[in-house]
Structure formats: C-alpha cells, structure tokens
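Below is one structure, written out as structure tokens, with a few remarks after it.
Just so it is clear, none of the values below were taken in a lab; they were calculated from the coordinates. If you're wondering where the values come from, they're calculated on a predicted model, not measured in any experiment. Don't worry about glycine lacking a Cβ; one is built from the backbone with ideal geometry, like all the others, and counts go over all protein chains shown.
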Amino acid sequence: MTAATAPTVSAPAPLTDLVAIRDLDRAQVDDLLAVAAELLPIARRERATVPTLRGRIVCNLFLEDSTRTRLSFDLAAKRLSADVVAFTAEGSSVSKGESLLDTAQTLMALGVDLVVLRTSSAGAPVQLARQLDIPVLNAGDGWHQHPTQALLDAFTLLQHRPILEGARILIVGDVLHSRVARSDVELFRLLGADVTLVAPPTLLPTDVSAWGVTTTADLDGVLPDLDVVYVLRLQKERMHRAFLPPTGEYAATWGIGPARLASMRPDALLMHPGPVNRGVELSSAALEDPRCLVQEQVTNGIAVRMACLYRLLAGPRSEAAREVTV
Ligand code: NCD
C-alpha cells in the first residue's frame, strides 16, 4: 500500500438529526459511543455537571407514556447544563387538536434548540426533522425505531465484551411490536454480531427475512450457545387479545426463569430494555442474576443520551467533558 492509498482517520460526518439507526454509519456510531464513554463519569455523578450546553434549550416532547426514557433525557440534558422544557400531550394544546407541526413551530418560536420526540406515530420524527431547522432526536416512534435504546444497549455490551464482531445475540419475545428489536438488530449487525430472533409465531413480523437475521422456534436449543440473551417486553398495549398467549403460558414458553438461566453460559449476558413485566419475560431470579445488565442499561442510557445531545448541539468530541464546574 502506498502512502497515497493509506487509510486516514477522518472525523465522522456531523449529525443533524437522530431518527433511525440506519441513518448512522459505523464511524458515527463509534464516535457517539466514544463520547458516551467520556461522559459516563458525569452521568454516574462521579464528576460534576459540565457547562457544555449552557444556554441551550432542549424540549422533551413526549406524546406517549414513558418513565425511564423521559427521565433519562431530562437528566442527560441537565448534566450538560442545558435548560429543559417538558411537554406532554396531556394538558397541552396537542390534546386540543393542535398538529405536531404547529406545536413544533411554536417550540421554535419559543427558542427551543432541539426537540426530543416520543410518539406512537411511526414516521413522525422523520417528518418533523424535514420540517424543522433544529435537530430532532427520536425517543421512540411507534413500532419503528428507538435509536438511543440501541446505542445504550451496544454501549453496555461493549463494556463487557470489547468486540461485538461474531457475538451471538438472541432477541426473544414480542419482536412484532418492538421498535427496540428493529433498532437493535440494525445496530448489532452494523457492529458485526450474528443476530437470531425467537418469538411466538404471531409476534414475528412477516418481513423478517429481509432483516439479515436467523430465526428459530427452539429457544432451549440455542440458549447454551449464546453470548447475549436480549429479552423484549410483551407490548400488551399494542396488541389485540388474539395475539396474546395467557401470561403463564408466555412465561413458560418464552420467559427466562431458573431452568433457562441454568442453561445459559456462565459468561453470557442478559438484557431487557425495561420496563420489565416481572414474572413474565424475566423471573425475579433472572433480574437478580449477576449476568443481568438491566440496571447498567439504565445508567448507561444517561451517558449515551448526553453524547447524542452533545453531538447534535455542540462541537468536537475532545470538548465534551472538558470544562468541569466546581
Ligand atoms: C422501550 C420502549 O418504550 O420502546 N422502553 C423504553 O424505552 N424504556 C421498550 C418497551 O417499552 O418495551
């Protein structure tokens, strides 16, 4: 290889919005995860808040129920010293029939610098991003995408396994209704993992053959060989009764309880995006198992969301955690 053809390390392309994992390339993912690692001590409160986004206004526009994602974005913005305005459908003019675009234009007129949007309407964040001059960050849209969940999942896995190339990851449960599954599959594959899906037949999407994954019906057959078992929440609010096996039957057939824990490798990792239906997807024993990363996922979510806010609103990586307030 001559000097002229030698690879050069170039800065990742700047982010303008974050709507879907497929909009990111590998360099942008690596960069966001590296920024999150720098910011983790601040997210964990081992280091003080930084003034990086002082004077910037982040609007959390949450039009669908959320606890951890909303709190996580709120804390992430505050750890970077941004001002946060919270906006929920209830009690706002959205409940009086105002359209999303009208609401967003009002937010711009109020001087908001970035909108974090959670909505039950798949595709709404991409529409909003086209219409607004400020960055839009998708915090979950319908069954479609939840990019910061995928980034925090990859970040958490990488803390335990520095390379995901070749890792065998199983995603189990309600794939059909899951924006987490759609986002995680795209990101885990981008990072080189082999992804297998196992789901009740009624909860497996019909287009799954285009996802680049393997599917199996044999959960117990594959469990002993896996590096990661990623368990999805049963999204009862998104399904009609016909989809849903009785809870006890679901737990026995698809849930992770003591017998399945025993058949997992000692160094396997167990994940779930939360909120967990305890005793359905994961037993109490699974939640208490040392291989279970659910709490780490929540804490890491703050650092990853800080990195996303930072990349959408501020300058180069080296400045992310530099100025420490005392
Ligand atoms: C996920 C979501 O809302 O898509 N949860 C979350 O962001 N904390 C997963 C889920 O609700 O099942």
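Some values worked out for this structure:
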quantity	calculated
Residue-by-residue Karplus 3J(HN,Hα) for the range 298-314, coefficients 6.51, -1.76, 1.60, Hz, glycine and proline x	5, 5, 5, x, 5, 5, 5, 6, 4, 4, 5, 4, 4, 5, 7, 10, 10
Amide proton proximity set for Leu282, modelled H, under 5 Å, gap of 5+	Ile256, Asn277
The range 36-96: translational diffusion in µm²/s, Stokes-Einstein, Kirkwood Rh over Cα pairs, 20 °C, 1.002 mPa s	169 µm²/s
Total formal charge among the other residues, if their Cβ is under 12 angstrom from that of Val228, Lys/Arg +1 and Asp/Glu -1	-2
The chain - mean residue ellipticity at 222 nm from DSSP helices (-39,500 (n - 2.57) per run, n ≥ 4, rounded to 500)	-11000 deg cm²/dmol
Rounded FRET efficiency, nearest 0.05, which uses the C-beta distance separating Ser81 from Arg22 and R0 of 45 Å	0.90
Relative contact order computed over the range 32-145 (Cα-Cα under 8 Å; 6+ residues apart), in percent	26 percent
Sorted by Cβ neighbour density within 10 Å, fewest at the top, the residues Leu293, Leu117	Leu293, Leu117
Of all DSSP beta bridges in the chain, antiparallel share, percent nearest 5	5 percent
The chain: most fluctuating residue of Met108, Met271, Met306 per GNM, C-alpha cutoff 10 Å	Met108
Size of charge dipole - the chain - debye, nearest 20, with Cβ of Lys, Arg +1 and Asp, Glu -1, no other charges	520 debye
Cα-based convex hull volume of the range 161-292 per residue, rounded to whole Å³	100 Å³
Added length on full extension, which subtracts the Cα-Cα distance from 0.36 nm per residue, Glu249 to Ser263	3.1 nm
Order of Trp211, Trp254 - criterion: other Cβ atoms within 10 Å of each residue's Cβ, fewest first	Trp211, Trp254
Of Leu33, Leu152, Leu190, the one that fluctuates the most in a GNM where the chain has Cα springs shorter than 10 Å	Leu190
Dimensions (Å) - the chain, Cα atoms, principal axes, largest first	62, 53, 41
Among Gly212, Gly255, Gly123, residue whose mean-square fluctuation peaks in a GNM of the chain (springs only between Cα atoms under 10 Å)	Gly212
Relative contact order, percent, the chain [alpha-carbon distance under 8 Å, six or more residues apart]	23 percent
